[in-house]
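Values quoted throughout were computed directly from the atomic coordinates according to the rules given, and no laboratory measurement underlies them. All values reported here derive from a predicted model rather than from experimental measurement. Glycine also receives a Cβ, built like all others from the backbone with ideal geometry; neighbour counts cover every protein chain displayed.
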Amino acid sequence: MITTQQKNNKKNITFFLLLSLGAFLLLWLSPLNPNHYSLSLYPVIATFTGALHIQIGCFMIMNYLSYRKNKHLLPLACAFHSSGILLLIALYIYFSHSVPQGIIFNDIAILHSLRIILTTGLFLVALYLYKNEKKQQKYNQAIVCSVFLWCFLHLAVAIFYSTHPTSPSLQMINLATYEWLYPAHGLFTASFLLLWLGIVFFIIRLTQLKNQFWLSMSLVALSNLVILMTLFKYSYMNSFGWFVARGVECLGSMAVMTVLMSDIFHRFKASRQAYELSYENSVRDPMTRLYNRGYFYNSLSNEIKKSHQRNPISIIFCDIDHFKSVNDTWGHLQGDRVIIKLAELMLSQVRDLDVVARIGGEEFAVMLPDCSVENAQDIAERMRKHIERATPASTNDDFPRPITVSLGIVSSVDCEIAAEELADRADRALYAAKNQGRNRSVIFTGDLMPSPVV
C-alpha cells in the first residue's frame with residue numbers, strides 16, 4: 001500500500017525530472033548567440049543573487065538551531081553564506097578598481113570558480129553527513145571544523161585578489177579577447193559538470209526528495225548543472241551564455257527561496273493543526289467528545305461575568321435515571337454506548353452557542369448563554385422527551401431499554417456569583433427532580449435544599 005509520504009516523494013521526483021528535462025532541452029535546442037556584452041548588468045544580478053544566498057543561508061542556520069542533530073545543514077548554510085560573500089566581493093572589485101576591464105573580468109572569473117569549488121565541496125560533505133547522521137560518527141566534529149576551514153581558505157583567496165588589482169598571477173581568461181583559457185573552459189568545467197551530476201543523483205537516491213527542503217536543494221543542483229553546461233557551450237567570459245548562467249542562478253535562488261518559504265508555511269500550518277488538536281483533546285471528554293468538566297466551569301465563569309438583567313445565563317444539570325442497572329444487566333461496554341448516544345441526542349436539541357459537557361460518569365451539564373429560565377426549561381423538556389422517545393430500534397441498540405433522565409435548571413443575572421455556586425443550585429434542582437420521581441425537570445428555587453435520593 002502506497003502511503004501519502006511515498007506519493008509526495010514520487011510527485012517531487014517527477015516534478016524535478018520534468019523540470020530537468022525541460023531545462024536541458026531548452027539549453028540544447030537554443031541557438032548559439034554570438035553577441036558579446038559589457039558587465040553593466042552584472043552588479044544588479046550579483047547583488048540580488050548574493051542577498052538571496054545570504055538569506056537562504058540564514059534559513060539553514062535557523063533550521064539547524066531548531067534541531068541540532070541535522071549536521072548536514074551546517075555545510076549547506078556555509079555554502080550559501082560564502083557564495084553570497086563572494087558575490088559581494090565581486091561587486092567590490094567591479095566598483096572600486098580602476099584597472100583594465102580584462103583584469104576585472106578575470107578576477108570575477110576567479111571568484112566564480114572559487115564559488116563553484118566551494119559549493120561543490122560543501123554539498124558533497126552535506127550529503128555525507130546526511131547519509132551518516134543516524135550513526136555516531138567520531139569524525140563529525142572534525143568534518144564540521146574542516147567545513148569552516150574550507151570556507152575560510154576560499155574567502156581568504158577571494159579577499160587577496162580583491163585587494164591586489166594588479167596583473168593577475170592566475171589567468172583564467174584572455175585579457176584582450178575575454179575568451180576562457182584551458183583548462184578553465186575545458187577540463188575544469190567538464191569535471192565539475194560530472195560532480196554536480198553525481199550530486200543530483202545522490203540527492204535523489206539518499207533523500208527521495210521526501211520534503212520541500214530537499215526539493216529546493218535539488219533545484220540548486222539543477223541550476224548549477226545548467227550554469228556549467230551553459231559556460232561549456234559559450235567560450236567567452238562576456239558572451240550571452242555568461243549572463244544566461246547568471247540569470248539561471250538568480251532564478252534558481254528565487255525558486256529555492258520560494259520553496260523554503262512554502263516549507264515554513266506548511267510546517268507552521270502543521271504545528272498549528274497539532275496545537276489545535278492537542279487543545280481540543282485537552283478540553284474534550286475522550287469518549288463522548290463533549291466538553292469536559294474543566295472547560296465547562298471555565299466557560300461558565302467567563303459567561304457569568306457578561307450576565308445582566310437583559311442577558312441571563314442558565315445551566316441544566318442532567319443525570320441518567322437508574323444507570324447502574326444498565327451496567328449491572330448489560331455490562332459496562334453497553335453502558336458506554338448509552339452515554340455516547342445520550343450525548344448525541346443532547347447535542348441535537350441545543351443551540352450552536354450552547355456548551356454541552358460531561359462532568360461525571362453519567363452526569364452532564366448544559367450552559368445556555370443569553371437564555372431565560374423559561375427558555376431553559378423548554379430546552380430541558382425538549383431534551384428529556386427526545387431521550388424518552390428513543391428506543392432500542394431507533395438507536396440501533398445503543399439504548400438496550402428506554403432511557404430517562406432527570407434535569408435541574410437554574411438561571412441567574414448576577415455577574416458576581418461564583419460558577420460553583422450556580423452549579424450547586426442546578427445540582428440541588430437535579431436532586432429535587434430525582435426525589436420527585438425522576439424523568440422530569442425542576443427549576444431551582446430558594447427553598448430547594450440537598451436531600452437524599454430515594
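Amide H of LEU290: which non-local residues (sequence gap of 5 or more, or other chain) have their own amide H closer than 5 Å, using H built in the peptide plane?
ASP285
Any idea what log10 I(q)/I(0) is at q = 0.10, 0.11, 0.12, 0.13 Å⁻¹ for the chain, Debye with uniform C-alpha scatterers and no solvent?
-0.75, -0.83, -0.94, -1.06
With charges only on Cβ, +1 for K and R and -1 for D and E, what is the dipole size of the chain about its Cα centre, in debye, rounded to 20?
1640 debye
Most exposed first by the Cβ proxy, i.e. fewest other Cβ within 10 Å, how do MET229, MET237, MET62 rank?
Listing MET229, MET237, MET62 from fewest to most nearby Cβ atoms yields MET62, MET229, MET237.
Please get the size of the charge dipole for region 157-294, origin at its Cα centre, with Cβ charges of +1 on Lys and Arg and -1 on Asp and Glu, quoted in debye to the nearest 20.
500 debye
Of the listed peptides 296-302, 125-131, what is their order by residue-averaged count of other C-beta atoms within 10 Å, with the highest listed first?
125-131, 296-302
Using the basic label-point model (7 angstrom from Cα toward the beta carbon), what is the PHE201 to SER372 distance in nanometres?
If labels sit at PHE201 and SER372, their model points lie 8.3 nm apart.
Are there DSSP H segments in the chain that both extend 30 Å or more along their axis (alpha-carbon positions) and score a mean Kyte-Doolittle hydropathy of at least 1.6? List them, or say none.
For the chain, where a helix must reach 30 Å along its axis and average at least 1.6, the hits are 73-96, 140-162.
What's the exposure ranking of ASP285, ASP424, ASP319, going from fewest to most Cβ atoms within 10 Å?
In order of increasing Cβ crowding within 10 Å: ASP424, ASP285, ASP319.
Positive end of the charge dipole of the chain (Lys, Arg +1 and Asp, Glu -1 on Cβ, about the Cα centre): tell me which of LEU193, ILE403, ALA423 has its Cα farthest that way.
LEU193
Determine which aspartates and glutamates satisfy two conditions relative to LYS71: a Cα distance under 12 Å, and not lying fewer than 8 residues away in the same chain.
Answer for LYS71, where 12 Å is the Cα cut-off: GLU133, listed by chain and number.
Could you pull out every one of the aspartates and glutamates with an alpha carbon less than 17 Å from that of LYS305, ignoring same-chain neighbours closer than 8 positions?
Correct list for LYS305: ASP354, ASP370, ASP414, GLU416, GLU420, GLU421.
Compute log10 of I(q)/I(0) for region 293-443 with the Debye formula, placing one identical point scatterer on every Cα and leaving out solvent, at q = 0.13 Å⁻¹, to two decimals.
Here the Debye-derived log intensity ratios amount to -0.55.
Where does each of TYR64, TYR139 land when they are ranked from fewest to most other beta-carbon atoms within 10 angstrom?
Listed from fewest to most nearby Cβ atoms, that is TYR139, TYR64.
Taking a ≥ b ≥ c as the square roots of the Cα gyration tensor eigenvalues, with a/c under 1.5 meaning rounded and otherwise prolate when a/b beats b/c, else oblate, which class fits region 252-376?
In terms of gyration-tensor shape, oblate.
Length gain on complete extension for the stretch VAL144 to VAL283, per 0.36 nm per residue less the alpha carbon to alpha carbon distance?
45.4 nm
Under the rule a/c < 1.5 gives rounded, and otherwise a/b versus b/c splits prolate from oblate, where does region 100-153 land using the Cα gyration tensor?
prolate
ILE173's amide H: which non-local residues (gap 5+, or another chain) put their own amide H closer than 5 Å, with H modeled 1.01 Å from N in plane and none for Pro or chain starts?
Counting only residues 5 or more places away or on other chains, the set is LEU181.
What lysines sit close enough to LYS69 to cross-link, taking a C-alpha to C-alpha distance under 30 Å and skipping anything fewer than 8 places away on the same chain?
Excluding near neighbours in sequence, the set is LYS7, LYS10, LYS11, LYS131, LYS134, LYS135, LYS138, LYS210, LYS269.
When the distances between all Cα atoms of region 194-293 are binned every 5 Å from zero, what whole-number percent does each bin get?
Once binned at 5 Å, the Cα pair distances of region 194-293 give 2, 12, 14, 13, 12, 10, 8, 6, 6, 5, 4, 3, 2, 2, 1, 0.
Positive end of the dipole of the chain, charges at C-beta (+1 Lys, Arg; -1 Asp, Glu), about the Cα centre: which of SER162, ALA274, GLY437 has its Cα farthest in that direction?
Highest projection toward the positive end goes to SER162.
Taking only DSSP H segments of four or more residues, each worth -39500 (n - 2.57), what value at 222 nm results for the chain once the sum is divided by all its residues, to the nearest 500 deg cm²/dmol?
-22000 deg cm²/dmol
Using the basic label-point model (7 angstrom from Cα toward the beta carbon), what is the ARG382 to ASP414 distance in nanometres?
Once both label points are built, they end up 2.9 nm from each other.
What number comes out for the charge environment of LYS71, summing +1 per Lys or Arg and -1 per Asp or Glu over other residues with Cβ under 12 Å away?
Taking every Cβ under 12 Å from that of LYS71, the sum is +4.
Could you compute the FRET efficiency for SER262 and LEU65, with r as their C-beta to C-beta distance and R0 at 25 Å, rounded to 0.05?
0.75
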